[in-house]
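The values are calculated or read from the model by the stated rules, or taken from the named source; none is laboratory data. Owing to the predicted nature of the structure, the values given are computational and were not obtained by experimental measurement. Quick reminder, even Gly has a Cβ in these numbers, built from the backbone with ideal geometry, and neighbours come from all protein chains shown. Note: accessible area is taken over every heavy atom of the protein model, side chains too, but ligands, DNA and RNA are not part of it. Shrake-Rupley method; radii C 1.70, N 1.55, O 1.52, S 1.80 Å.
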Amino acid sequence: MAIPKHVGIIMDGNGRWAELRGLPRSEGHKRGVERVSEITAAACGVGVKVLSLYAFSIENWSRPAPEISVLMKLLETFLVNDVNLFMEKSIKFRVIGNRDKLPSKIRTMIGHVENMTLDNSGLLLQCALSYGGRDEIVRAVKKTLSSGIAPDEITEDAVNSHMDTSGVPDPDLIIRTSGEQRLSNFLLWQSAYAEFLFTNTLWPDFTREEFLEALYQFQIRDRRFGKVGSGVTKCS
Ligand code: IPE
Ligand code: IPE
Ligand code: MG
């Protein structure tokens, strides 16, 4: 059975995981980062081609400054520590999202990891940082128009080629942890025909086994893309 080529994950529930244990939210975020390496390795292992992880939304900038600061520090540590995993497993890393809003130190670190992993031919790990689907669409439309194209020549392909995710197939499966059943501005354009899987598990508790179970659930879905399914009776 087919493994989804592109899986997106909305990694939600770090704060609740910590609160349930009487711990500060930062502890949940720390545990959450550990899960990223485990799930990335699992995705490589089963042959997923693209993994898009929602790590920090454009709306998350309105969280309290101390929480943002913890998240940025964890991101720095992740960028330093996980390069080894990327090189070992030939993972190509790239960030999608509005980089202008990120601290310059982190922008530089991201550029460094992207360059180091540029020629890696394994899994593409897309980390959505300072990311908003609407923001991405607006930036892509601006880029499309400034490429000199006439408004009546704008096509879906033209806009698509200016998205942060250009060159990558649309997500087949989007998983969201923590019980919330919404996209929260993740991959709005790209998720037109994605399958969704919602689990109550909080992100710091999301294991490799549950990830593999999600892939299995995907495999038994019937994707029709607006057509009629196979094996249906004739219309007339
Ligand atoms: C997801 O966990 C991580 C980020 C959004 C950065 P949350 O911090 O949203 O955790 P909950 O939803 O409050 O439990
Ligand atoms: C979505 O989670 C963003 C990430 C997981 C990075 P949020 O916790 O920010 O989403 P809402 O506020 O519950 O919709
Ligand atoms: Mg949340």
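Side notes on the structure shown:
- Diffusion coefficient, µm² s⁻¹, Stokes-Einstein with Kirkwood Rh over alpha-carbon pairs of the range 112-175 at 37 °C and 0.692 mPa s: 239
- Here the simple spin-label model places points 7 Å from the Cα toward Cβ, and for residue 89 and residue 41 these points are separated by 0.8 nm.
- Legend: helices of the chain (whole DSSP H runs) are marked when their alpha-carbon atoms reach 30 angstrom or more along the helix axis and their mean Kyte-Doolittle hydropathy is at least -1.0; marked are 25-46.
- Surface accessible to a 1.4 Å probe, residue 227 within the full protein complex, Å²: 150
- Shape call, the range 154-236: gyration tensor on alpha carbons, a/c limit 1.5: oblate
- If you wrap the Cα atoms of the range 82-137 in a convex hull and average its projected area over all directions, you get 4.0 nm².
- Carbon and sulfur %, accessible surface of the range 120-236 computed with the full protein complex present, 1.4 Å: 51
- Its relative contact order, with pairs defined as Cα atoms under 8 Å and 6+ residues apart, puts the range 1-119 at 25 percent.
- If you sort 205, 157, 82 by accessible surface, 1.4 Å probe, largest first, the order is 157, 205, 82.
- Using only alpha-carbon positions in the range 18-108, the gyration tensor eigenvalues give semi-axes of 23, 18, 12 Å once each is multiplied by 5 and square-rooted (largest first).
- Close amide H pairs (under 5 Å, H built 1.01 Å from N) link residue 174 with 8, 195, 196, 197, residues at least 5 positions away or on another chain.
- Take every DSSP beta bridge whose two residues both sit in the chain; close to 0 percent of them are antiparallel.
- Distance (nanometres) between label positions extended 7 Å along Cα→Cβ at residue 201 and residue 62: 3.1
- The largest accessible area among 216, 54 belongs to the first residue in 216, 54, and the rest follow in falling order (1.4 Å probe, all chains).
- Extension gain, residue 217 to residue 152: 0.36 nm times the residue separation minus the Cα-Cα distance gives 19.3 nm.
- Cut-off 20 Å, label 7 Å out along Cα→Cβ of residue 21, residues of the range 59-79 by amide N: 67-68, 70-75, 77-78
- Prolate/oblate/rounded call for the range 1-67, Cα gyration tensor, a/c under 1.5 rounded: prolate
- Measuring only protein heavy atoms, the 1.4 Å probe finds residue 188 accessible over about 60 Å².
- Compared with the alpha-carbon gap, the fully stretched path from residue 115 to residue 225 is longer by 36.0 nm at 0.36 nm per residue.
- In terms of distances greater than 19 angstrom between alpha carbons, the cross-link table entries 30/73; 73/101; 49/92; 30/92; 49/227 yield 30/92; 49/227.
- Computed helical MRE - 222 nm, the chain, DSSP H runs ≥ 4 contributing -39500 (n - 2.57), nearest 500: -12500 deg cm²/dmol
- Three-way shape call for the chain based on the alpha-carbon gyration tensor, with the a/c threshold at 1.5: oblate
- Look at the alpha carbon pairs under 8 Å that are at least 6 residues apart: their mean separation over the length of the chain gives a relative contact order of 28 percent.
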